[in-house]
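**Student:** Here's a structure for you.
The values are calculated or read from the model by the stated rules, or taken from the named source; none is laboratory data. The model shown is predicted, which means the values in this text are computed figures rather than measured ones. So basically every Cβ, Gly included, is an ideal-geometry build from the backbone, and we count neighbours across all protein chains shown. With ligands, DNA and RNA removed, areas are computed over all heavy atoms of the protein, side chains included. Shrake-Rupley method; radii C 1.70, N 1.55, O 1.52, S 1.80 Å.
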Amino acid sequence: MLQLTGVSAQNTTCRISTTFSNQEEVNSALVGCTDVRGNINLTPAFNGTLDLPGILNVKGNLQIVSGDTSVSSGLTAVVLKDLQTITQITLPGTSNLELVNLPSLQDAWDILISSRRTLNVSLPAVRQMDTFDLSAPLSSPISFPSLSEVTSFGAGIQISAKLPGAEQDPLFVDLPKLVNTSSILLQGAFSGISIPSLQAIGNSVLIQSTVPMDCTPVLEDARQRVLSNWTSTHTTLNGVDYPSKPSSFSCSGIDHDPEEIRRLGLGIGLGLGIPILIICVVGIWWQRKRSQKTRDLTGKREINVPVEGTPDSH
């Protein structure tokens, strides 16, 4: 079902309540729309590339829906060239997803993606998220050149970059403008990380690499910057309070497979790494629970969607 709620020369908002099995259904349902209110649901039968031509803003979830969790999707690519804001993208357990390209996306609450195929992810314009959770073999380094904030509402940045049987070169993670995040958790074959602008963090930075790496100087520099903003009770940045002192900045190369660590709740570690891992997992779990409670009670932070009938405010 589709309902037009606002029509102008600039923006047309469409309310939807439907599930799509192919691109033709999407095109037919969203013709003439620029803004969408409601979830964009895809069945596992959806094959090939998903495109949302002309859609600028989605106040809802882009997700794969199925009553049978063992059913894998035929979705191979998500290429949304016009999309600027979205509430959530939830694509867990995809078997064939190889490309996520969102060149214009600037603001999202949560992006959660996993794939068994080697995946290329491109988010060059994203500036703000609450949670970014990615689990897949990756074909290129992770670079978010515009990302400045991963808010305290979410679980932070979590990337598991190597699954069993996947061979790949070590990856570099580049976050040049990231100022604050609730946490950073990297698991897999990583060669290094760049976080030169980080000033506040709610929980921790934890890197467990399956290849030798030394990011101690980078993390120590970040730790000093973060602690320099810390008062006796909290850090305030961009009007947001971070009431907890960062628990740890940890980096190590290990031999364990990151998916095994993930299944065990990061309970695998070496020496003093075990308590740190436990603290981080509990912190991230608590952060997720707090995020859900906050969302249920207050509607979470507001995605900046342009007002109907006015030009895009981004």
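**Student:** How many residues, within the range 127-147, are hydrophobic (A, V, I, L, M, F, W, C) and more than 14 Å from Leu178 (Cβ to Cβ)? Even if it seems obvious, please write down each step before you answer.
**Tutor:** Going residue by residue through the range 127-147, those that are hydrophobic (A, V, I, L, M, F, W, C) are 129, 132, 134, 136, 138, 142, 144, 147.
If we keep only those that are more than 14 Å from Leu178 (Cβ to Cβ) too, we end up with 134, 136, 138.
Count: 3.
**Student:** When you check Ser104 against the structure, is it under 23 Å from Val150 (Cα atoms), hydroxyl-bearing (Ser, Thr, Tyr) and not in a helix (DSSP H, G or I), yes or no?
**Tutor:** Here the answer is yes, as Ser104 does meet what is asked.
**Student:** Same structure again: If we scan the range 51-61, do we find a residue that is surrounded by fewer than 21 Cβ atoms within 10 Å (Cβ to Cβ) and touching a helix residue (DSSP H, G or I) at 6+ places or on another chain (Cβ under 9 Å)?
**Tutor:** Within the range 51-61, one or more residues are surrounded by fewer than 21 Cβ atoms within 10 Å (Cβ to Cβ) and touching a helix residue (DSSP H, G or I) at 6+ places or on another chain (Cβ under 9 Å).
**Student:** Follow-up question, since we're still on this one. Among the residues of the range 141-180, write down those that are part of a strand (DSSP E or B), modelled with pLDDT of 90 or more and aliphatic (A, V, I, L, M).
**Tutor:** Result: Ile142, Val150, Ile157, Ile159, Val173.
**Student:** Of the residues Ala125, Ala108, which is of a type outside the set (Phe, Trp, Tyr), more than 18 Å from Leu186 (Cα to Cα) and within 9 Å of the chain's Cα centre (by Cα)?
**Tutor:** Numbers: Ala125 fails: within 9 Å of the chain's Cα centre (by Cα).
Of Ala125, Ala108, the one residue that is of a type outside the set (Phe, Trp, Tyr), more than 18 Å from Leu186 (Cα to Cα) and within 9 Å of the chain's Cα centre (by Cα) is Ala108.
**Student:** Among the listed residues Leu206, Leu219, which satisfies the condition of being in contact with a Cys (Cβ under 6 Å, 6 or more places away or on another chain), touching a residue at least 40 places away in the same chain (Cβ under 8 Å) and open to solvent by less than 30 Å² (accessible area, probe 1.4 Å)? Talk me through it step by step, then tell me what you get.
**Tutor:** Details: Leu219 fails: touching a residue at least 40 places away in the same chain (Cβ under 8 Å).
From the options Leu206, Leu219, the qualifying one is Leu206.
**Student:** Could I ask something else about it? With the requirement that a residue be open to solvent by less than 10 Å² (accessible area, probe 1.4 Å) and over 17 Å from Ala136 (Cβ atoms), what does the range 78-106 give you?
**Tutor:** Result: Leu80, Leu83, Thr85, Ile86, Leu105.
**Student:** Taking the range 112-140 as the search range and keeping residues that are of a type in the set (Ser, Thr, Tyr) and not in a strand (DSSP E or B), which one is nearest to Leu62 (Cα to Cα)?
**Tutor:** Of all residues in the range 112-140, those of a type in the set (Ser, Thr, Tyr) come to 114-115, 118, 122, 131, 135, 139-140.
Still in the running and not in a strand (DSSP E or B): 118, 139-140.
Working: Thr118: 21, Ser139: 23, Ser140: 24 Å.
Residue satisfying both the conditions and the ranking: Thr118.
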